[in-house]
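Some notes on the structure that comes next.
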Amino acid sequence: MARAPRPVLAASVLLALGVPAIAHASPLIETMGAVGDNAGFQGVVSGPGSASTYFNPALLTDADDGLTVGFALISQQLGVTLEGRPPGADVPLVVGTRGVVGPNGQPLPSDVVPTQWLNQGCAAGSSSGQCPAPGGFAARPRQGQGTGSQTLTYLTIGFAKHIVKDRLTLGLYAMLPISNFTTAQAFYPDEREALFSNSLHPELYGDRLTAVSIVCGLAFKILPTLSIGAAVSVGLANAATSQDYVNSATDYSTLLLDNKITTTVNFAPTLGVAYSPVPGLRIGAAIHAPESFSINTTVDATLPTGIESGTTQKNVFDWMPWSVAAGIQAEIARRGDYTASVVASLDYGFWSAYEDRQGQSPSTYGPGLGFHDTMSGALGLRHTYKNLRAFTDLRYIPSPVPTQIGNSNYVDNNRFGIGVGGDILLTLLKLRPGFQVFADRFIPRSNQKEDSLITDQVPDGSTVSSTGATVPASQGVQTNNPGYPGFSSGGWLWGGAVTLSMPL
Amino acid sequence: MPRPVLVAALVSCFAVAACAKDVVLPNLGTEAVCGNGIVETGEACDVVSAGCVDCQIAPGWTCPGNVCAPLCGDGVVGTGATCADPHRDTDCDMTGYWAVSETDYTCDDIFHQPQTSSDWRLYHLVQTGNDFQVDEELDCGVHVTGSATVDYTPASLQAVIYENAMDGSGSHPARQGTSQATAGGCAVTLDRWYDIRGALETYLPSDFSTQPPLSSLPALPSVSDPINGNDSLASVPGATDPDGDGFAGIGLQITGIVTGVRDSAQRDWKQYATTSTPVAAAALTFDVPGAFDLQENILHVSQCGTGCGLLTTGAAASIAPGRVTFSFIGKTLGSARVASIVVGLPRKNLAADLTTCMNVVQALPHDASAPSDACPQSQ
């Protein structure tokens, strides 16, 4: 086996130094598509180039040796519209006294707070209707902290290098966020989120587009017409343990903390195959293993009386399912230096096993509310003319999220998108500059809640403990669920990249 | 696609994309919701008060700023139709019905945070000369706030309403007090009274007037393990089960940073007296400072999940002075003023007395504030 040439080693070292705390491949790369290979949305069969490392590593055997760097941008513009709340849906102020019991005699859970506190806050003070000093309760207006709109930029880098000519090829592909570097934002998809942002957030975008994405792989040509490949997405798992000594439950500035964080490396494999039975025809397929970035946070609190209490919370970010993709590219025209090919691909994702950011399955919200598997598809054209290459792709990505009629508020939409791009080989400089843009439409979607499926946070017949009086506003459904009584979403996802490829 | 068309398509696409934003639509309808604490269209008030019935101001009441107070009549006089500057029609005479709230402070033994306790009573007082005594009385329950919120369970609330009778119907003479004119107002005292809950009265002094400290009295019933121990009534000598929940002690419901039910044996004493500062003569509502002491043994904890350990430590009385707040209701049972709170002759009908107590609690809302020295660090 030949030694890796110096540029390859240099690139590897560069990437190693740049490996951040969280590294993942799929959510970001899947959204952006292949960058720099003229592969568009159909990297499973089109290209090939360094991005094939992720989409179908078997294609690496047909890639040119080279290094590709680029600058990419993705703008997520997903607007959420919350419907007006009906009369009687507010949690009444008296609940804030914490002296309200349900008809079963049990106190209302402590996470049920008056709706007015969320909308207007609760001033600190000792008068009736005020909250204890020093802090009071800060307002959290509905959708005041939505995260549907953001624009992110990335550095892309990748290379392909034939280690053994016509036999073994090494590939690496990475997308590194430049702004909003690696954010992991947990939120609850139900009424519990009212205590935090009191907002709905896109389930499959947002922080998922900030994960550093690194994939490396190998391809082996076992026959002149048949190649296989394998790659791994590098991911990390963190465990954080916080040992706390609670001097005062009402003054956390006196909290004593000992934090311990451990990180382990995970690898999510991808296997691919490429078959070219005749010139101008290629069939490719790949299977991606599931991956995610998990954080297990353990809190062990000790109280001055010696009482200890602890819990472990699991958060899951950037979850991606098992997926199987296949595609075909066929040359349909050749006139002199011009060729045209048609490309089609399908991708089946096993989203029914989804784990949300709180590590729970959406199916816990009730029958029919779990995610479902999806079949995505793309169709496009590839053109080449002398040193010019260009592509046009259309894609449709159905949402795995069912209509949100219950407590859950998973925000997601079907997407229909178009991508175009091209590059040109500058023969004298041996450089290949290129560009590509895409725009996906989040097809507008409306969700109407069914009262019978909504948790009534103040059950009918609740009473005030100190007086035994019935809470008059307890009739019907009272909830702080930010998505109640319904919400809709729609918008755009667009982006693009400029690239420069050079020989190694 | 021709280049100009492509550029135009991309520009328009990006322009549309830039418009995407979140929207919160206005709430539906304008229907007022009585009981949500907000005075809305069609409501004259929306507050838990006897003066606010179905979000309309009750006869004989006024509710400026959503805080209700009764108007003139039956021992209350004022100026003009709005009864401005209302006050009692006799100085320093305590005769009549009173809503009473005894406010005291404890320090919890878990976080060493102040807990503010309101203990409500209905009194009918009869004054002769400078002395008055409790002629009728209801124990209307407690509400404690702080690091945790404490209330009687519904069964306990019904159980304690007639216990520790201060009207002389029990084993002790009626509670006494004094109210006499002095320079600048009235000097008021309310003598020491001992209460016990969840244990036999034998754990109280036989003669309250000797004023023994709680520490000198026989130790309250106790158990070694309130979480897992055998704490049925029969296994805890001296304890009672007034709420009938099957566990020895009085049931207290705790919510907030810890949640559960605690059955305890409790006893305390409270006494009040004005100091050098008298109360305003003929005031409708006034405070008298005082002191109290408390002992509590926890006999059983339940419904507390993994936090039961937090419920096994009790509270200690604070050195901060407490106070009793007297709020004059009226003199005559059946008058509009009295009937708005006292719905029947006390101690004749439990349901009526529970309603009366609810009105008393609403007339004197819990004040959650605590003095800064309620839990000094040295404690």
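The values are calculated or read from the model by the stated rules, or taken from the named source; none is laboratory data. No experiment lies behind these values; they were computed from the predicted model shown. Here the Cβ positions follow ideal geometry from the backbone for every residue, glycine too, while neighbour counts run over all protein chains shown.
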Could you please let me know if A:Ser489 is in a strand (DSSP E or B), modelled with pLDDT of 85 or more, within 25 Å of A:Arg445 (Cα to Cα) and more than 9 Å from chain B (Cβ to nearest Cβ)? yes
Surrounded by fewer than 18 Cβ atoms within 10 Å (Cβ to Cβ) and under 23 Å from B:Ala219 (Cβ atoms): is that true of B:Asp293 in this structure? yes
Could you say which residue among B:Ala155, B:Ala183, B:Ala159, B:Ala148 is closer than 29 Å to B:Thr259 by Cα and surrounded by fewer than 18 Cβ atoms within 10 Å (Cβ to Cβ)? B:Ala155
Residue that is farthest from the other protein chains (Cβ to nearest Cβ), among those in the stretch A:135-144 that are surrounded by fewer than 16 Cβ atoms within 10 Å (Cβ to Cβ) and on the phi < 0 side of the Ramachandran plot: A:Ala138
Can you tell me how many residues in the stretch B:176-197 are over 19 Å from the mean Cα position of the chain (by Cα) and either more than 18 Å from B:Pro213 (Cα to Cα) or hydroxyl-bearing (Ser, Thr, Tyr) (or both)? 14
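Residues checked against (1) in a loop (DSSP other than H, G, I, E, B); (2) without any contact (Cβ under 8 Å) to a residue 24 or more places away in the chain; (3) more than 21 Å from B:Tyr123 (Cβ to Cβ):
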position	(1), (2), (3)
B:Ile298	no, no, yes
B:Phe326	no, no, no
B:Thr332	yes, no, no
B:Ile341	yes, no, no
B:Gly344	yes, yes, no
B:Ala351	no, yes, no
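Condition check ((1) surrounded by fewer than 17 Cβ atoms within 10 Å (Cβ to Cβ); (2) not in a strand (DSSP E or B)) across all residues:
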{"site": "A:Arg395", "(1), (2)": "no, no"}
{"site": "A:Gly406", "(1), (2)": "no, yes"}
{"site": "A:Leu428", "(1), (2)": "yes, yes"}
{"site": "A:Phe435", "(1), (2)": "yes, no"}
{"site": "A:Phe442", "(1), (2)": "no, no"}
{"site": "A:Gln478", "(1), (2)": "no, yes"}
{"site": "A:Trp494", "(1), (2)": "no, no"}
Search result, residues across the stretch A:362-380 that are part of a strand (DSSP E or B), touching a residue at least 40 places away in the same chain (Cβ under 8 Å) and within 21 Å of the chain's Cα centre (by Cα): A:Ala378
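If I ask for residues that are within 7 Å of chain A (Cβ to nearest Cβ) and either in a helix (DSSP H, G or I) or among the aromatic types (Phe, Trp, Tyr) (or both), which ones from the stretch B:358-370 would you list? Give the derivation first.
Keep residues of the stretch B:358-370 that are within 7 Å of chain A (Cβ to nearest Cβ), which gives B:358, B:361-362, B:365, B:367-369.
Result: B:Met358, B:Val361, B:Gln362.
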Take A:Val94 and tell me if it is touching a Pro at 6+ places or on another chain (Cβ under 9 Å), buried (at least 22 other Cβ atoms within 10 Å of the Cβ), within 11 Å of chain B (Cβ to nearest Cβ) and closer than 17 Å to A:Ala473 by Cβ. yes
Going through the stretch A:158-185 in order, the residues found to be β-branched (Val, Ile, Thr), touching a helix residue (DSSP H, G or I) at 6+ places or on another chain (Cβ under 7 Å) and in contact (Cβ under 8 Å) with a residue 60 or more places away in the chain are A:Thr169, A:Thr182
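Would the stretch B:302-319 turn up any residue that is more than 30 Å from A:Val95 (Cβ to Cβ) and more than 14 Å from chain A (Cβ to nearest Cβ)?
yes
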What pairs come up if the first residue lies in the stretch A:292-315 and is of a type in the set (Phe, Trp, Tyr), the second is modelled with pLDDT of 85 or more, and their beta carbons are under 6 Å apart, counting only those six or more places apart or on different chains? A:Phe293/A:Phe317; A:Phe293/A:Asp318
Please specify each residue of the stretch B:48-68 satisfying the condition of being touching a residue at least 24 places away in the same chain (Cβ under 8 Å), in a loop (DSSP other than H, G, I, E, B) and within 10 Å of another protein chain (Cβ to nearest Cβ). B:Val48
Can you name the condition, by its number, that A:Ser213 falls short on among (1) at positive phi; (2) under 32 Å from the mean Cα position of the chain (by Cα)? (1)
Listed by range, strands (runs of 3 or more DSSP E) wholly within the stretch B:108-217 having at least 1 residues that are more than 14 Å from chain A (Cβ to nearest Cβ) and in contact (Cβ under 8 Å) with a residue 40 or more places away in the chain are B:114-128, B:131-145, B:176-182, B:185-197
Qualifying position, being surrounded by fewer than 16 Cβ atoms within 10 Å (Cβ to Cβ), in contact (Cβ under 8 Å) with a residue 60 or more places away in the chain and not basic (Lys, Arg), among A:Ala390, A:Ala353: A:Ala353
Only one of A:Ser253, A:Ser233 that is small (Gly, Ala, Ser) and in contact with a helix residue (DSSP H, G or I) (Cβ under 9 Å, 6 or more places away or on another chain): A:Ser233
Among A:Thr53, A:Thr61, which is the only one that is closer than 19 Å to A:Gly229 by Cα, outside any loop (DSSP other than H, G, I, E, B), in contact with a Lys or Arg (Cβ under 8 Å, 6 or more places away or on another chain) and at pLDDT 90 or above? A:Thr61
A:Pro279: more than 17 Å from the chain's Cα centre (by Cα), closer than 27 Å to A:Ala58 by Cβ and at pLDDT below 95, yes or no? yes
Candidate set from the stretch A:357-375 (those that are surrounded by 19 or more Cβ atoms within 10 Å (Cβ to Cβ) and at pLDDT 95 or above); member that is nearest to A:Ile287 (Cα to Cα): A:Thr374
In the stretch A:106-130, which residues are of a type in the set (Gly, Ala, Ser) and crowded, with 16+ Cβ neighbours inside 10 Å? A:Ser128, A:Gly129
